[in-house]
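In what follows, a single structure is set out as C-alpha cells and then discussed.
Every read-out reported here was derived from the displayed coordinates using simple, explicitly stated rules and does not represent laboratory data. Given the structure is predicted, the values throughout are model-derived calculations rather than measurements. Cβ sites come from the backbone with ideal geometry, for glycine too, and all protein chains shown count toward neighbours.
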2 protein chains.
Amino acid sequence: MTESTRPMRRQDIRRENERAILLAAEKVFAEAGFGGATMQLIADLAGLPKANLHYYFATKEELYRSVVQNIFEIWLQAANCFDAARGPIDGISAYIDAKMEISRRHPDGSKVWASEVMHGAPVLQDYMESTLREWTDGRVAIIRRWIDEGKMDPVDPRHLLYMLWATTQHYADFGHQIETLNGGKPLSSRQWQEAKENIKRVILTGIGALPA
Amino acid sequence: MTESTRPMRRQDIRRENERAILLAAEKVFAEAGFGGATMQLIADLAGLPKANLHYYFATKEELYRSVVQNIFEIWLQAANCFDAARGPIDGISAYIDAKMEISRRHPDGSKVWASEVMHGAPVLQDYMESTLREWTDGRVAIIRRWIDEGKMDPVDPRHLLYMLWATTQHYADFGHQIETLNGGKPLSSRQWQEAKENIKRVILTGIGALPA
DNA sequence: TTGCATCCTGACCGTATGGTCAGCTTTCAG
DNA sequence: CTGAAAGCTGACCATACGGTCAGGATGCAA
C-alpha cells in the first residue's frame, strides 16, 4: 500500500476537517438539541478524536454558533428569489420552491435553526434584531407594493410571511411526523412536488394572486 | 400568624405538587430542551427540593413523558371542532381558532411537542402510529367528502392539514422570532385576532371555500 | 392517642461531560 | 536539510447532573 492518497496540504486538512465537524455537529445538534448533544458523539460521527474538535472549535458553544450561522446564511440566500420577481406569483412561487428545497436538502440545519429560535435565540438574537428585521421589513415593503398595484388582495404582509415560513419549514422540522403519517416512508420526489404545488396553489389563490 | 392557611389534605398535597412540578417542567423543557433541562432547575421553579421531584416522578424521562402526554391530550381535543362542522368554512375556521388559542395559552407545551417530534418522537412514537394516524385518516376522509360535495377545491387533504398545523403552531414555536419582529413586544390581543383572521381568510379562500 | 402510611429532604454517590495539556507527528518555508 | 509552526491525541481533571437513601415530619384512620 503505497500512499497514493493524501499528500494533504495544510489548507486542505483544515478545510476538510472543519467541514466534517460542522456536518457531524449539525446532525447531532438537530437530533439531540444543544443540551443533549455531546462533543464525543460529534467527534465519533466526524471520525475524529474529541480533543481534535477542541483544536478547531474551542468550546461547544463556539461550534454550535458556527452551525447556526451557516444555516442562517442559507436561509437568507433563499430571499433573493423575492427581489427579482415582478409580482406575487413569481416571487412567492420562487420563495416557496427555494424554502422547500432547503427543507428537503438541509433538514438538520432547519431543525437546528428551529431549535435555536424556540429556545429564545440565545446565539442569534443580534442577527434577528438586525439582519432578519431588515430583511423582513424589505419584503413587507415589496408585498405592500404588490397590494397597492392590485396584484394581490390586501393581506397583512407579516402574517403572510409567517405563513410562508411556517408551511415550508414544517416539512423539515416535523419531517418525522409527516414520514410516520406517510406509512413510515420519506416523501418521494413526486410527493415533494405535490407538496410544493399544493402550498403554492392554496397561498397564491388565497391572497388573490391567482384566479379562484 | 396563626395558620389560617393549609390544613392541606393528602390528596390536595399530591395534586397540588404534581401540578406545580408539571407546570415547571413544561416551562424548563420548553426553554432548554430535554437534554438541557435539569431536575434542579425544575425543582427550583416549582419551589421544591430536588429529591421531592423524584418522589413524585421517579426519573427525568418519566416526568418528561407526563409533560408530553399532557400536551398531546390538549392537541387532540382541538380536533373536535372538525367533526361537528357542516363544511370547510365552519370546520377549518373552528380548528384554526382552537389551535391558535393553544399556541397562545400553551406556548411552552407547544414547544415541548415540537421538540419531541423534531427529535424523532422517542416518547410519542406509539401515539403517532396509532392515535394520531387514526385522527388524521378521519380528518382526511372528512375533507375528501367536502371536496366531493363541491364545498371546496380538490386540494390534497394531507398537505392541507400540514398547512393548518404549521401555520398555527408557528405562532407558539417561533413566538420569540415573531416577538422580535414585532419590536420586542408580544402580540397584542388585537394582533392575535388579526393573525387568526389572516390565516383563515387566506386558507379558506385558497381552497375555494370562500369566494375570491 | 396510637400506629402507620404518606410525604419530605439533606447529604451523598457514580458517572458522563466539557475542557485542558504535554508531548508527539507532519508539513513546509527558507 | 532544518527548524518552527500547524496539526494531532491519549490521558487527565473538575464539575454538574440524575438518582439514591436513611431518617425525620406530617396527616389520618381506628
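Sorting A:Val67, A:Val202, A:Val140 from the fewest to the most surrounding beta carbons within 10 angstrom yields A:Val140, A:Val202, A:Val67.
Put the Cα centre of region A:144-212 next to the Cα centre of region A:81-143 and the gap is 13 Å. Placing dummy labels 7 Å off each Cα toward the beta-carbon, the span from A:Ile13 to A:Gln40 is 2.7 nm. Contact order, relative form, for region B:48-119: 31 percent (alpha carbon pairs under 8 Å, 6 or more residues apart, mean separation divided by residue count).
Quick test of the membrane-span-like rule: which DSSP H helices of chain B reach at least 15 Å along their long axis (C-alpha atoms) with mean Kyte hydropathy at least 0.0? For chain B, where a helix must reach 15 Å along its axis and average at least 0.0, there are no hits. Lys/Arg Cβ at +1, Asp/Glu Cβ at -1, dipole of region A:67-206 taken about the Cα centre: which of A:Pro122, A:Ser93, A:Val68 is farthest positive-ward? It is A:Ser93. Electrostatic tally near A:Ser66: other residues with Cβ closer than 12 Å to its Cβ, Lys and Arg +1, Asp and Glu -1, net -2. Computed on chain B, with alpha-carbon pairs under 8 angstrom and 6+ residues apart, the relative contact order is 21 percent. With the simple model of a label 7 Å out from the Cα in the direction of the Cβ, B:Glu101 to B:Ala84 spans 1.0 nm.
Cβ-Cβ distance of B:Asp148 and A:Gln69, R₀ of 45 Å, FRET efficiency by 1/(1 + (r/R0)^6): the value works out to about 0.35. A Gaussian network model of chain B, with springs between Cα atoms under 10 Å, assigns the largest mean-square fluctuation among B:Gly150, B:Gly35, B:Gly91 to B:Gly35. When only Cα pairs below 8 angstrom with a gap of at least 6 residues are kept, region B:10-58 shows a relative contact order of 32 percent. Just to be sure I follow: if Rg is taken over the C-alpha atoms of the protein assembly as shown and Rh is the Kirkwood radius over the same atoms, what is Rg/Rh? Using Cα coordinates only, the ratio equals 1.00. Taking +1 at the Cβ of each Lys and Arg and -1 at the Cβ of each Asp and Glu, which of A:Gln11, A:Ala32, A:Gly47 sits farthest along the dipole of region A:10-58 towards its positive end, judged by Cα position relative to the Cα centre? It is A:Gln11. Over every Cα atom in region A:57-189, the radius of gyration and the widest Cα-Cα span, Dmax, amount to 16.2, 54 Å.
Exceedance of the 26 Å cut-off in Cα-Cα distance is limited, within the set B:Lys111/B:Lys196; A:Lys111/B:Lys27; A:Lys60/A:Lys185; A:Lys111/B:Lys99, to A:Lys60/A:Lys185. Taking R0 as 45 Å, what FRET efficiency do you get between A:Arg133 and A:Thr59 from their Cβ-Cβ distance, rounded to the nearest 0.05? Calculated transfer efficiency: 0.95.
Within the shell defined by Cβ-Cβ distances under 13 Å, the residues around B:Trp165 carry a net charge of +1, with Lys and Arg each +1 and Asp and Glu each -1. Note on A:Gln77 and A:Leu23: the extension gain reaches 17.5 nm, defined as 0.36 nm multiplied by sequence separation minus the Cα-Cα distance.
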